[in-house]
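The values are calculated or read from the model by the stated rules, or taken from the named source; none is laboratory data. Everything quoted here is computed from the prediction, not taken from an experiment. Positions of Cβ are backbone-derived with ideal geometry, glycine not excepted, and every protein chain shown enters the neighbour counts. For the accessible areas, the whole protein counts, side chains as well, though only heavy atoms, and no ligand, DNA or RNA atoms are used. Shrake-Rupley method; radii C 1.70, N 1.55, O 1.52, S 1.80 Å.
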Amino acid sequence: MDRTELADFLRRARTRLAPCDVGLSAGPRRRTPGLRREEVAQLAGMSTDYYTRLEQRRGSHPSRQMLTALARALRLTDVERDHLFHLAGEEPPRPGGSSGHVRPGLLLILDRLHDLPASVLSDWGEVLAQNAMSVALTGDQAGTNVIRRWFAVPDARALFPPENHEVHARAHVASLRAVTAARPDEPGPAALVAELRAASREFEELWKSHDVVVRRPSPKRFLHPVVGVLDLDCEVLLSDGHSQQLIVHSARPGTQTYERLELLRVVGLQDLTPSS
């Protein structure tokens with residue numbers, strides 16, 4: 001781990017970003033260029049003290065998960081991400097695998113969607129990034145897997161009407177089966193399948209049905225605890241190689257759902273601060 005070069009690289013990457021580049025408000029009395037240290041820490045999901053120590057060449061060795069989060073927070077390209085891993089004494093993720101690194105282009109689109117819930121997921125359900133409206137709609141799910149949550153966390157289904165649960169469950173399993181067949185040597189999806197087959201009888205039965213599907217644009221109904229029922233259109237934009245998906249939910253203007261989505265934008269974010 002080259003602490004000196006790592007600290008310099010992090011500092012330069014931070015100062016070249018403006019708050020608007022990452023979906024943050026600049027606020028008053030901003031004198032230093034780029035992002036503040038606490039803003040990078042917030043975006044990466046780490047403590048400000050730990051990030052500060054990294055920039056001061058005093059930090060302990062960051063984990064691979066932490067390096068991936070830093071690369072995402074600092075909007076690094078694939079080459080810059082690999083350089084970050086090398087400075088930390090780690091081998092970069094293998095090309096073609098699900099590294100968890102979101103390309104800056106996808107993050108740029110995500111940051112610009114201020115009034116629509118949007119998130120970036122891997123094709124096997126890992127939540128890689130969310131904008132503020134997505135957090136207001138579904139809660140903070142960054143770093144979790146939506147398929148694991150669906151079958152292992154009882155409260156995960158509360159956001160959806162009971163009559164739609166079977167459809168969602170079948171779609172999750174069929175999508176995961178397609179990924180494991182396409183990339184049989186990748187450990188993440190295979191491990192998730194083994195885990196859920198052992199833990200969930202429902203998943204096991206659906207897995208045996210051998211349905212295969214990929215995520216498609218479709219309407220989706222949410223039962224939000226603050227604003228009520230939301231009938232949203234779901235659009236899916238695929239990255240190069242289709243390993244990551246930008247998912248955007250929207251409502252048609254003039255509908256009750258459109259008004260409720262506007263209400264969520266105004267009041268829903270107040271209960272979902274980064275510290276909550």
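Per residue, how much accessible area does the chain have with a 1.4 Å probe, in Å²?
In whole numbers, the chain has 52 Å² accessible per residue.
What the Cβ-Cβ distance of residue 31 and residue 153 gives, at R0 = 51 Å and to the nearest 0.05, is a FRET efficiency of 0.70. With Cα atoms as the point set, the radius of gyration and Dmax of the range 28-113 evaluate to 13.5, 43 Å. Between the beta carbons of residue 202 and residue 115, assuming R0 = 45 Å, the FRET efficiency works out to 0.80 to the nearest 0.05. Stokes-Einstein diffusion for the range 90-193 at 20 °C, viscosity 1.002 mPa s, with a Kirkwood radius from C-alpha pairs, works out to 142 µm²/s.
Under a 1.4 angstrom probe, counting protein chains only, how are 157, 3, 112 ranked by accessible area, largest first?
Details: 157 45, 3 100, 112 120 Å².
Result, largest first: 112, 3, 157.
Here each label is just a point 7 Å from Cα along the line to Cβ, and for residue 223 and residue 50 those points are 3.6 nm apart. Dipole magnitude for the chain: computed about the Cα centre from +1 point charges on Lys and Arg Cβ and -1 point charges on Asp and Glu Cβ, it is near 680 debye.
R0 = 22 Å: FRET efficiency of residue 185 with residue 238, Cβ-based, nearest 0.05? Efficiency for this residue pair is about 0.55.
Direction-averaged projected area, Cα convex hull, the range 162-209: 3.3 nm², rounded to one decimal. Mean residue ellipticity, 222 nm, helices only, the chain: the sum of -39500 (n - 2.57) across DSSP H runs of n ≥ 4, divided by residue count and rounded to 500, is -13000 deg cm²/dmol.
Amide H to amide H, with H built 1.01 Å from N, residue 160 comes under 5 Å of 223, counting only residues 5 or more places away or on other chains. At full extension, residue 168 and residue 210 could sit 13.6 nm farther apart than now, given 0.36 nm per residue minus the alpha carbon distance.
Does the chain come out rounded, prolate or oblate, given a ≥ b ≥ c as the square roots of the eigenvalues of its C-alpha gyration tensor, rounded meaning a/c under 1.5 and, failing that, prolate meaning a/b above b/c? Oblate, because a/c is 1.5 or more while a/b does not exceed b/c. Simple spin-label estimate for residue 77 and residue 57 gives 2.8 nm between the two label positions (7 Å along the Cα-to-Cβ direction from each Cα). With unit charges on the beta carbon (Lys/Arg positive, Asp/Glu negative), name the residue among 165, 92, 130 whose Cα is farthest towards the positive pole of the charge dipole of the range 73-219. Positive-most Cα among the choices belongs to 165.
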